[in-house]
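K.L.:
Got a structure here, written out as structure tokens. Questions coming.
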Amino acid sequence: MPEQQEPVSFDYYYIVTDKCTECVGFHETPQCAEVCPVDCCVPDEGNVETREELESKKSFLHLD
Ligand code: SF4
């Protein structure tokens, strides 16, 4: 059974940064931000990752 995790907030949706690759390796731009009709996907300036870091995370999360 998957481990249960506490939500970051009950008032707002958050993207879990440990699981977000900014769509690197799949798309040219973050797809959630592309399709959001109210522009609610706001970059976290306190958690900026390099392309190399995102590619490494993508490789860890997704089997090639
Ligand atoms: S759609 Fe892409 S950018 Fe948005 S949360 Fe998922 S991996 Fe991150």
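K.L.:
Working carefully through the options 28, 6, find the one that is acidic (Asp, Glu) and at pLDDT 90 or above. Before you say what the answer is, go through the steps one by one.
P.N.:
On the way: 6 fails: at pLDDT 90 or above.
Going through 28, 6 in turn, just one is acidic (Asp, Glu) and at pLDDT 90 or above: 28.
K.L.:
Do you know which residues across the stretch 49-64 are assigned to a loop (DSSP other than H, G, I, E, B), modelled with pLDDT of 95 or more and not hydroxyl-bearing (Ser, Thr, Tyr)?
P.N.:
49, the sole residue that qualifies.
K.L.:
Examine the stretch 49-59 for a residue that is of a type in the set (Asp, Glu), surrounded by 10 or more Cβ atoms within 10 Å (Cβ to Cβ) and near the ligand (Cβ under 10 Å from one of its atoms), and state whether such a residue exists.
P.N.:
First, the residues of the stretch 49-59 that are of a type in the set (Asp, Glu): 49, 52-53, 55.
Subsequent filtering for residues that are surrounded by 10 or more Cβ atoms within 10 Å (Cβ to Cβ) retains 49, 53, 55.
The next check asks that each one be near the ligand (Cβ under 10 Å from one of its atoms); those that pass are none.
No, every residue in the stretch 49-59 fails to be of a type in the set (Asp, Glu), surrounded by 10 or more Cβ atoms within 10 Å (Cβ to Cβ) and near the ligand (Cβ under 10 Å from one of its atoms).
K.L.:
Restricting to the stretch 27-48, count the residues that are touching a residue at least 12 places away in the same chain (Cβ under 8 Å) and part of a loop (DSSP other than H, G, I, E, B).
P.N.:
Filtering the stretch 27-48 down to residues touching a residue at least 12 places away in the same chain (Cβ under 8 Å) leaves 32, 40-41, 44, 47.
Remaining after also requiring part of a loop (DSSP other than H, G, I, E, B): 40-41, 44, 47.
Residues in the stretch 27-48 being touching a residue at least 12 places away in the same chain (Cβ under 8 Å) and part of a loop (DSSP other than H, G, I, E, B): 4 in total.
The values are calculated or read from the model by the stated rules, or taken from the named source; none is laboratory data. This is a predicted model, so every value here is computed, not measured. Note that each Cβ is placed from the backbone with ideal geometry, even for glycine, and that neighbours are counted across all protein chains shown.
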